Amino acid sequence: MSSASPLHSGPRIVAVGGERPYDIAIAPGLLADGAALAAQVRGKHVLLVSDSTVAPLYAGAVREALHAARSELVIGTFVLPAGESSKTLANFSAAIDVLAGLGATRDACVFALGGGVVGDLAGFAAACWMRGVDCVQLPTTLLSMVDSSVGGKTAVDIAQGKNLVGAFHPPRAVFADTDTLRTLPARELRAGLAEVIKYGAIRDERFFRWLQAERTALLAGDAETLALAIAASCEHKAEIVERDPLEKGERALLNLGHTFGHAIETEQGYGSPDNDNLNHGEAVAVGMVLAARLSADLGMAPAADTERLETLLQAFGLPTAIPAGLAPDALLARMRLDKKNQAGRLRLVLWRGIGQAEVVADVDEQPVLAVLGGC
Ligand code: NAD
Ligand code: MG
């Protein structure tokens with residue numbers, strides 16, 4: 001890996017190493033580059049998975065580009081209704097039916113065109129069809145460009161919880177076409193920026209300061225600045241997942257703010273365009289502040305760093321306080337169910353300050369409750 005600093009990034013290709021290495025390309029216009037997309041297809045069968053918002057915007061162009069480059073390709077399409085509620089076993093099964101209908105062989109390629117919902121479901125279908133075929137991620141949200149399309153986690157949700165059925169299945173390639181961010185709603189852009197800020201908070205204070213300086217350009221959707229932020233974020237994630245692909249250690253750091261955030265999301269009910277509940281990125285923003293405050297309360301980190309984090313998140317239009325009406329003990333009960341916990345004790349990602357996250361086992365509940373109660 002090269003330096004993770006955005007100040008020195010050259011061409012926007014991030015290489016992800018490990019047993020099955022792949023490249024993340026970040027640039028405008030990638031979805032129109034039929035030759036590059038088609039070069040990823042080893043056989044002739046393609047399944048293009050997208051959702052009902054993204055497909056009308058971009059799926060036609062991708063199909064045309066693939067066909068123009070290789071007219072012999074047989075391309076099936078599967079479009080999910082947009083939203084988290086589509087990440088189901090039923091839709092997974094429907095995607096598999098399309099692969100079967102195509103007569104897709106082991107050299108087939110699944111293209112995931114959309115946000116993390118499409119990427120997770122399409123990736124899981126690719127992981128399972130004939131015990132695993134290629135998957136190319138074409139992320140169209142900032143969150144999926146900096147997070148879900150990288151690292152090989154795929155999953156669907158079941159009634160008992162999110163992402164409970166899935167597989168590790170790294171993509172063959174990732175093409176992040178920054179032109180697609182132009183149609184992304186501002187609130188979704190900010191949700192992705194929360195995860196971008198997370199990388200600075202976990203392991204790169206210099207990046208944190210760069211984000212502070214570039215916030216106006218980033219919020220305005222400036223393509224070049226966004227590409228720098230995406231590349232830096234992907235380099236951070238790549239470095240971590242290369243060393244710990246199956247989340248046995250260091251990869252847990254990527255969950256800074258997530259235990260608190262998930263408790264808020266589940267207690268409030270998941271966010272959707274039809275309600276005002278916090279979306280994932282917003283809940284993570286609040287969660288990071290709570291983790292920072294707890295770290296300060298435990299004497300691990302300076303309180304001034306909590307303030308810097310809050311100020312930065314607020315400058316990006318992100319929330320930093322628990323929404324009204326959520327009871328501290330109910331949130332704590334949700335946190336007790338987190339997958340990171342061991343032997344019935346809370347295990348949290350906390351920090352020593354900006355850029356220095358660490359996993360802390362055996363956290364007492366009393367100070368957590370105090371932070372959840374805002375005192
Ligand atoms: P999403 O896929 O639901 O996309 C958000 C919304 O934006 C959707 O309504 C979508 O239709 C719309 N949209 C997408 N691209 C658009 C574009 N270019 N223009 C206009 N609208 C567009 O949500 P998300 O935030 O991208 O991803 C969240 C999902 O990712 C969750 O299911 C989460 O569990 C998963 N996730 C997975 C990982 C992983 O490692 N696999 C990591 C983080 C999150
Ligand atoms: Mg997240």
Response to the item:
The residue that is most open to solvent (accessible area, probe 1.4 Å), considering only those in the stretch 71-89 that are away from ligand 1 (no atom under 16 Å from the Cβ) and touching a strand residue (DSSP E or B) at 6+ places or on another chain (Cβ under 9 Å), is V74
Discussion item. Which count do you get for residues in the stretch 323-356 that are of a type in the set (A, V, I, L, M), under 22 Å from the mean Cα position of the chain (by Cα) and farther than 22 Å from Q160 by Cβ?
Written reply: 4
Discussion item. Looking at the stretch 128-141 only, could you name the residues that are more than 8 Å from ligand 1 (Cβ to nearest atom) and either within 19 Å of P28 (Cα to Cα) or out of contact with any Cys (no Cβ under 9 Å at 6 or more places or on another chain) (or both)?
Written reply: C128, W129, M130, R131, G132, V136, Q137, L138
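If I filter the stretch 124-135 down to residues being surrounded by fewer than 24 Cβ atoms within 10 Å (Cβ to Cβ) and closer than 10 Å to P171 by Cα, which single residue comes out as nearest to the chain's Cα centre (by Cα)? Don't jump to the end; show me each part of the working.
From the stretch 124-135, those surrounded by fewer than 24 Cβ atoms within 10 Å (Cβ to Cβ) are 127-132, 134; that's our starting set.
From the residues that got through so far, the ones that are closer than 10 Å to P171 by Cα too are 127, 134.
Values: A127: 18, D134: 20 Å.
Across the stretch 124-135, the extreme among qualifying residues is A127.
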Discussion item. Quick test for you: out of L113, L121, pick the one residue that is within 15 Å of ligand 1 (Cβ to nearest atom), open to solvent by less than 20 Å² (accessible area, probe 1.4 Å), at pLDDT 95 or above and not in a helix (DSSP H, G or I).
Written reply: L113
Worksheet item: Applying the selection to the stretch 253-291, what residues are part of a helix (DSSP H, G or I), within 13 Å of ligand 1 (Cβ to nearest atom) and either open to solvent by less than 30 Å² (accessible area, probe 1.4 Å) or of a type in the set (S, T, N, Q) (or both)?
Response: L254, N255, H258, G261, E265, T266, G281, E282, A283, V284
Worksheet item: What are the residue pairs meeting all of these: first residue in the stretch 138-163, first residue open to solvent by less than 10 Å² (accessible area, probe 1.4 Å) and at pLDDT 95 or above, second residue in a loop (DSSP other than H, G, I, E, B) and within 13 Å of ligand 2 (Cβ to nearest atom), Cβ atoms under 6 Å, and 6 or more apart or on different chains?
Response: P139/S149; S144/G115
Practice prompt. May I ask you to verify whether D244 is farther than 24 Å from Y58 by Cβ and open to solvent by less than 30 Å² (accessible area, probe 1.4 Å)?
Written response: yes
Worksheet item: Of the numbered conditions (1) within 16 Å of ligand 2 (Cβ to nearest atom); (2) touching a residue at least 60 places away in the same chain (Cβ under 8 Å); (3) under 21 Å from A232 (Cβ atoms), D179 satisfies every one except a single condition; which is it?
Response: (1)
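Quick check, is L331 touching a helix residue (DSSP H, G or I) at 6+ places or on another chain (Cβ under 8 Å) and either within 16 Å of ligand 2 (Cβ to nearest atom) or hydroxyl-bearing (S, T, Y) (or both)? Before the answer, list the steps.
Numbers: touching a helix residue (DSSP H, G or I) at 6+ places or on another chain (Cβ under 8 Å): yes; either within 16 Å of ligand 2 (Cβ to nearest atom) or hydroxyl-bearing (S, T, Y) (or both): no.
Judged against the criteria, L331 is not a match.
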Worksheet item: Looking at (1) more than 15 Å from E195 (Cβ to Cβ); (2) in a helix (DSSP H, G or I), can you tell me which one K237 breaks?
Response: (1)
Worksheet entry | Hey, A321 small (G, A, S), more than 13 Å from L256 (Cα to Cα) and open to solvent by 10 Å² or more (accessible area, probe 1.4 Å) or not | yes
Discussion item. Just the residues that are of a type in the set (A, V, I, L, M) and either on the phi > 0 side of the Ramachandran plot or loosely packed, with under 14 Cβ neighbours inside 10 Å (or both), please, taken from the stretch 90-109.
Written reply: A90, A100
Discussion item. What pairs come out if I take residues in the stretch 39-62 that are among the basic types (K, R) and pair them with residues that are surrounded by fewer than 17 Cβ atoms within 10 Å (Cβ to Cβ) and part of a strand (DSSP E or B) whose C-beta lies under 9 Å away, six or more apart or interchain?
Written reply: K44/V74
Item to complete: For the stretch 292-318, name all the residues that are open to solvent by less than 30 Å² (accessible area, probe 1.4 Å) and in contact with a Gly (Cβ under 7 Å, 6 or more places away or on another chain).
Response: A301, D305
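The values are calculated or read from the model by the stated rules, or taken from the named source; none is laboratory data. Just so it is clear, the model here is predicted, and its values are computed rather than measured. Positions of Cβ are backbone-derived with ideal geometry, glycine not excepted, and every protein chain shown enters the neighbour counts. We work out accessible area using only protein heavy atoms, side chains counted, and drop any ligands, DNA or RNA first. Shrake-Rupley method; radii C 1.70, N 1.55, O 1.52, S 1.80 Å.
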